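Participant: Structure below; questions to follow.
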Amino acid sequence: MIELNQVHLTYSAAGRQVPVLAGASLAVPQGESVAIIGPSGSGKSSLLLVMTGLETPDSGTVTFDGVSLHEQSSDTRADLRRDKIGIVFQNFHLIPSLTARDNVALPVDIAGGDSARSRAEAMLSRVGLAERMDHYPNAMSGGERQRVALARALIHQPMLMVADEPTGNLDSQTGEAVADLLFELNQENDATLILVTHDPALAARCERQVRLHEGQLKSVTL
């Protein structure tokens with residue numbers, strides 16, 4: 001489903017080059033669940049941006065569903081994300097002027113899909129926000145905004161689900177429910193699931209754990 005081959009990425013900071021990825025390679029077949037672990041600042045979030053075509057590596061290749069991502073135009077990459085990839089960001093990226101329902105329905109509306117409103121309501125109910133659909137992001141807690149972002153990422157039943165600390169802003173009970181949803185969709189839709197997490201219990205639910213260390217990915221022996 002997705003394959004990284006010898007990916008290098010360097011950022012410029014304070015006049016110097018800071019390596020983030022240094023020959024990172026990873027192959028994830030369709031339907032597998034993978035946890036990416038590693039210390040803060042090791043580049044895990046940057047890795048997810050490269051995987052989803054939101055960041056262009058300095059060298060190396062990223063292939064998604066048989067397509068070399070970074071050989072495509074930015075519009076083509078955006079279409080792939082809209083149609084086939086669900087991304088849950090740490091900082092939500094919700095639109096302040098839209099209600100929870102409208103935020104979740106937005107990807108379906110943009111794609112010209114049917115029943116965006118009812119599909120958004122069903123997904124918000126599934127993440128426990130049936131009573132908050134008409135609320136705006138600034139009237140919601142961090143945990144509620146996280147669940148809205150999750151519902152928006154999953155409304156189109158993506159082939160690839162990518163989540164950056166999906167339970168990091170949630171209490172333990174809500175976090176467990178959100179994790180259950182991710183793994184249910186992983187199984188129901190044979191969707192690939194890639195999680196960045198510091199939570200050992202969440203990582204342990206994945207079929208495989210991979211550690212990012214010094215810019216490279218190493219499988220963890222369980």
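Participant: Can you work out ³J(HN,Hα) from phi for every residue in the range 108-118, in order, using Karplus 6.51 cos²θ - 1.76 cosθ + 1.60 and θ = phi - 60°, giving whole Hz and x for Gly and Pro?
Facilitator: 6, 4, 4, 7, x, x, 8, 6, 4, 5, 5
Participant: Rounded, prolate or oblate: which one fits the range 144-207, using the alpha carbon gyration tensor with axes a ≥ b ≥ c (rounded when a/c is under 1.5, else prolate when a/b beats b/c, else oblate)?
Facilitator: Oblate.
Participant: Related question: List the residues, sorted by chain then number, that are 5 or more residues from residue 11 or on another chain and whose placed amide H is less than 5 Å from its amide H.
Facilitator: 18, 20
Participant: Sticking with this one: Restricting the count to DSSP beta bridges whose residues both fall in the chain, what percent are antiparallel, rounded to a multiple of 5?
Facilitator: The antiparallel fraction comes to roughly 55 percent.
Participant: Return one number: the angle in degrees, 0 to 90 and rounded to the nearest 10, between the long axis of the Cα atoms of helix 142-154 and the longest principal axis of the Cα atoms of the chain.
Facilitator: 80 degrees
Participant: Follow-up. Given the Cα-Cα distance of residue 73 and residue 22 and 0.36 nm per residue of separation, how much length would full extension add, in nm?
Facilitator: Contour length minus the Cα-Cα distance gives 15.9 nm.
Participant: Take residue 65 and residue 135, extend 7 Å from each Cα along the Cα→Cβ direction, and tell me the distance between the two endpoints in nm.
Facilitator: Taking the simple label geometry, residue 65 and residue 135 are separated by 3.3 nm.
Participant: Does the range 42-157 classify as rounded, prolate or oblate by the C-alpha gyration tensor (a ≥ b ≥ c root eigenvalues; a/c under 1.5 gives rounded; else a/b over b/c gives prolate, otherwise oblate)?
Facilitator: Prolate, since a/c reaches 1.5 and a/b exceeds b/c.
Participant: Let me know the shape class of the range 1-83, please: from the alpha-carbon gyration tensor, a ≥ b ≥ c as square roots of the eigenvalues, rounded when a/c is under 1.5, otherwise prolate if a/b is greater than b/c, or oblate.
Facilitator: oblate
Participant: Report, in deg cm²/dmol and to the nearest 500, the calculated mean residue ellipticity at 222 nm for the chain, where each DSSP H run with n ≥ 4 adds -39500 (n - 2.57) and the sum is divided by the residue count.
Facilitator: Value at 222 nm, helices only: -10500 deg cm²/dmol.
Participant: Rolling a 1.4 angstrom probe over the protein heavy atoms, how many square angstrom per residue are accessible across the chain?
Facilitator: 47 Å²
Participant: Apply the Karplus curve 6.51 cos²θ - 1.76 cosθ + 1.60, θ = phi - 60°, to the phi angles in the range 50-60 and return the couplings in whole Hz, x for Gly and Pro.
Facilitator: Values per residue, Gly and Pro as x: 5, 4, 9, x, 8, 10, 9, x, 5, 7, x Hz.
The values are calculated or read from the model by the stated rules, or taken from the named source; none is laboratory data. Since we're looking at a predicted model, the values are computed, not measured. Counting neighbours? That spans all protein chains shown, and the Cβs are built from the backbone with ideal geometry, glycine included. Just the protein is used for accessible areas: all its heavy atoms, side chains included, with ligands, DNA and RNA removed. Shrake-Rupley method; radii C 1.70, N 1.55, O 1.52, S 1.80 Å.
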